[in-house]
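Read the structure below first, then the notes.
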């Protein structure tokens, strides 16, 4: 049975197959990731955007002891909030102004 981020990814693929995030989009820089998160949130399908480990690792190595703090800082700098994070799974971003 699908749960959490895995379920979200499957639902996103079904509802918006041409709009889902792909790991290859995030091999560039943080601005590209922020733009992708913003596009995903603008769709209005979900009030959050999940970024999976395969995508996170291109910007934040898993062995970085300050990884979660750096992801939080990224979110704040680009107007998001880190709603959920689990190493090895995903980070879920929401708009900073949402409850």
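The values are calculated or read from the model by the stated rules, or taken from the named source; none is laboratory data. A quick note: this is a predicted structure, and the numbers were derived from the prediction, not measured. Cβ: placed from backbone, ideal geometry, glycine included. Neighbour counts: every protein chain shown.
Observations on the structure shown:
- Out of 68, 54, one residue alone is modelled with pLDDT of 85 or more and in contact with a helix residue (DSSP H, G or I) (Cβ under 8 Å, 6 or more places away or on another chain). It is 54.
- Some residue of segment 18-38 being modelled with pLDDT under 90, under 15 Å from residue 93 (Cα atoms) and not in a helix (DSSP H, G or I): yes
- Residues being over 18 Å from residue 82 (Cβ atoms) and not in a loop (DSSP other than H, G, I, E, B) - total across segment 40-53: 2
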